[in-house]
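Asks: There's a structure below that I have some questions on.
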Amino acid sequence: MASAATGIHHVTLITARVQANVDFYLGFLGLDLVKRTGGYEDGEQLHLFYGNAEGAPGTLITFLVWEDGAAGRVGNGQVSEIALAVPRGSIGGWLTRALSRGLAVEGPLREFDEPVLRLKDPDGVIVKLVGVEAPGEEPTILRLRGVTILTETPEETAAFVARFGYRPGPVSGSVRRLLSQTDAVDVRDATGYVPGIPGTGTADHVAFRAADVAAVREAERGFARLNSSPTNVHDRKYFTSLYVREPGGTLIEYATDGPGFAIDEAPGQLGKILFVPDHDAARGEDLKLLMPQFSLPGEPRMPRRDLPFVHRFHVPEIPGDETLVLLHGTGGNEADLMPLAHRIAPSATLLGLRGRAHEEGVARWFRRFGPDRFDEPDIRAEADAFEAFIEGARTGYGLDPAHTTYLGLSNGANFLGAAMALHPGLIRRAILLRAMPVLSELPEVDLGGTAVLSIAGTQDAFVAEAERLEAWLSACGAEVTAKRIEAGHGLAAEDAVLARDWLAGLA
């Protein structure tokens, strides 16, 4: 199975904050962004590829972006550290560079007779800078130097990794080193340690280099004869690969060098365009709205404020004055309504929020006891937190109340109705899709100057409840536009048309 050029093709990790990740790997380490694309398994997931300017195998570190996602746990069956080769004479420069940016650094140390600086990226991933024989003293990254794998089956793991062109190297304590032509895999005996849990701040897999597609196919047949974990060959556009788990549980990919990252962008211009996988092309524009935005080092950027709700902005290429604040339905997230909101107001800045109540593994805006029984103290507490968020967004992001519209779907629309009842005057314009009242007693409040569009489906089981909410809003002085469409509780194409026309009529 040894390829013409052995060694690591790339390492893939998971990040919770794309902007901090970009600032570290591009801004601090000085790598190049060579590709940005939607995930092949999940088109809504942003996947970034860093490396040298050519995107050469052996230089690549890639990240799946789980924006504000749950943290994982590094443990057995995972890559625990990544190592980058730097010129030996640059170690002092790297130390100064890290300290000047306030990064905690361990070292210089000596590991396997090499000078090492150990630090952590913003997600807590351990990144080692390893000095190798190379000219220069400037802090530069040359290539991947290696990875460390934690395992309870060190002999079996080492034997499995050897199939990819690695030979036995030195041993130091509980670590046995395997060597290729260009890099190293350190297999650490972590018997008795905790198993790894996938999530942000962990590695998804390490990929080794295959000579060509024929080598990948031969590996697939070989693993079948070994009765190893199931394998499938994948065309990832930029390379062909398969996945397999080694005996200790670490996910390994075997990937071809070609065709490479220059097949859809010109050399020297890599990483400029956001691509979506070909099989997701039909919803490509929506996917681009669902993926988080980021700025390259030195570019203008939206500040990030610490506010009560997880939130995300999408800023169009030519933003107008309007902002749409988006509240998802049950089981949604902060990006769910962005494609709909963009169709309603293409020039609006979109601000999506994530509900904080979690039931049965899904996000909501407040707890409930049944389909029509709600935890009203929780509603009131979350409405207070929502008011604090909006006030913080107005000062921290310059949110203009006169040019802000709130869009909620189902549970999010219900919450907006409750927020208007509990904090009158907070919301001046709202689009409520499939809404119902969730407070047992609707208070008499002054909603004069508030404009509301309510759209209900004629086949929705809760359409009568929408009418009750609309009547209360009108009785409180709100200017209510009530629309009915041939739909159930889910979204329909007509929602965007009606909302766009209503919003245009307010201008």
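Asks: Could you go through the range 489-500 in sequence order and give the Karplus-derived ³J(HN,Hα) for each residue, using 6.51 cos²θ - 1.76 cosθ + 1.60 with θ = phi - 60°, rounded to whole Hz, and x for Gly and Pro?
Replies: With the stated coefficients, the range 489-500 comes to 7, x, 5, 9, 4, 5, 4, 5, 5, 5, 5, 4 Hz.
Asks: Please compute the per residue accessible area over the chain with all protein chains in place, 1.4 Å probe, rounded to a whole number of Å².
Replies: Details: 21030 Å² over 507 residues.
On a per-residue basis, 41 Å².
Asks: If you don't mind, there's one more thing I want to ask. Quick one, which of (1) 45, 26, 20; (2) 50, 23, 22; (3) 41, 30, 22 is the actual semi-axes √(5λ) of the Cα gyration tensor in Å calculated for this model?
Replies: (2)
Asks: Now for a separate question. For Leu242, what charge total do you get from the other residues with a beta carbon under 9 Å from its beta carbon, if Lys and Arg give +1 and Asp and Glu give -1? Working shown, then result.
Replies: Details: positive: Arg217; negative: Glu220, Glu253.
Summing Lys/Arg as +1 and Asp/Glu as -1 gives -1.
Asks: Just in the range 464-497: which GluC sites (Glu not before Pro) are loop by DSSP and have at most 15 other Cβ atoms within 10 Å? Before the final figure, lay out the partial values.
Replies: Working: sites: Glu465, Glu467, Glu470, Glu479, Glu486, Glu494; in loops: Glu486.
Here the sparse-neighbourhood loop sites are Glu486.
Asks: Let me check against my output: what whole-number percent is the relative contact order of the range 82-195, with C-alpha pairs under 8 Å and at least 6 apart? Spell out each step's value before the answer.
Replies: On the way: 220 pairs, mean separation 31.0, N = 114.
Relative contact order comes out at 27 percent.
Asks: Could you give the distance between the Cα centres of the range 425-498 and the range 162-223, to the whole Å?
Replies: Using only Cα atoms, the two centres lie 57 Å from each other.
Asks: Compute the helix-to-body angle for 213-226: its Cα long axis versus the longest principal axis of the chain, expressed 0 to 90° and rounded to tens.
Replies: Between helix and principal axis, roughly 90 degrees.
Asks: If you take every residue apart from Lys128 with its C-beta less than 11 Å away from the C-beta of Lys128, what net charge results, scoring Lys and Arg +1 and Asp and Glu -1? Before the final figure, lay out each step's value.
Replies: On the way: positive: Arg118, Lys120, Arg145; negative: Glu81, Glu106, Glu111, Glu114, Asp186.
Net charge around Lys128: -2.
Asks: Moving on to the next point. Could you give me the radius of gyration and the Dmax of the range 196-295, taking only the C-alpha atoms into account and expressing both in angstrom?
Replies: 16.3, 47
Asks: Right, next: At a probe size of 1.4 Å, how large is the accessible area of Asp372, to the nearest 10 Å²?
Replies: Solvent-accessible area, nearest 10 Å²: 100 Å².
Asks: Number of Lys-Lys pairs in the chain under 16 Å by Cα, sequence gap 8 or more or different chains?
Replies: The number of close lysine pairs in the chain is 5.
Asks: Still on this structure, please answer the following. With all protein chains present and a 1.4 Å probe, how do Asp264, Asp113, Asp378, Asp32 order by accessible area, largest first? Intermediate results must be reported in sequence, preceding the final value.
Replies: Numbers: Asp264 40, Asp113 115, Asp378 15, Asp32 70 Å².
Final ranking, largest accessible area leading: Asp113, Asp32, Asp264, Asp378.
Asks: Turning to a different aspect of this structure: Return the calculated 222 nm mean residue ellipticity for the chain, to the nearest 500 deg cm²/dmol, obtained by summing -39500 (n - 2.57) across DSSP H runs with n ≥ 4 and dividing by the residue count.
Replies: Value at 222 nm, helices only, nearest 500: -6500 deg cm²/dmol.
Asks: Another one. In degrees, nearest 10, range 0 to 90: what is the angle between the Cα axis of helix 376-396 and the longest Cα principal axis of the chain?
Replies: Once rounded, one gets 70 degrees.
Asks: Any idea what the relative contact order of the range 340-497 is, in percent, if you count C-alpha pairs under 8 Å spaced at least 6 apart? Working shown, then result.
Replies: Values: 264 pairs, mean separation 27.1, N = 158.
After rounding, I find 17 percent.
Asks: At a 1.4 Å probe radius, carbon and sulfur cover how many percent of the accessible area of the chain? Each step should come with its number before you reach the end.
Replies: On the way: 10720 of 21030 Å².
Accessible surface attributable to carbon and sulfur in the chain totals 51 percent.
Asks: Also: Roughly how far apart, in whole Å, are the Cα centres of the range 70-128 and the range 294-339?
Replies: First find each Cα centre; the distance between them is then 32 Å.
Asks: Separate question: Relative contact order (percent) for the chain, with alpha-carbon contacts under 8 angstrom and 6 or more residues of separation? All intermediate terms of the calculation are to be shown ahead of the outcome.
Replies: Details: 1186 pairs, mean separation 63.9, N = 507.
This gives 13 percent for the chain.
Asks: Would you please name the GluC sites (Glu not before Pro) within the range 23-131 that are DSSP coil residues with at most 12 other C-beta atoms within 10 Å of their C-beta? List each step's numbers first, then the result.
Replies: Values: sites: Glu41, Glu44, Glu54, Glu67, Glu81, Glu106, Glu111; in loops: Glu41, Glu44, Glu54, Glu67.
Passing both the DSSP loop test and the Cβ count: Glu41.
Asks: List the GluC sites (Glu not before Pro) within the range 341-421 that DSSP assigns to loop and that have no more than 11 neighbouring Cβ atoms inside 10 Å. It would help to have the intermediate numbers written out before the result.
Replies: Values: sites: Glu359, Glu360, Glu382, Glu387, Glu391; in loops: Glu360.
Filter output for the range 341-421: Glu360.
Asks: Could I ask something else about it? Just to verify a number: what accessible area does Phe386 come out at with the full protein assembly present, 1.4 Å probe, Å² rounded to tens?
Replies: Its heavy atoms expose roughly 0 Å² to the probe.
The values are calculated or read from the model by the stated rules, or taken from the named source; none is laboratory data. On a predicted model such as this, the values are computed, not experimentally measured, just so you know. Every residue, glycine among them, receives a Cβ derived from its backbone with ideal geometry; neighbour counts consider all protein chains shown. Areas reflect the complete protein model, heavy atoms only, side chains present, ligands, DNA and RNA absent. Shrake-Rupley method; radii C 1.70, N 1.55, O 1.52, S 1.80 Å.
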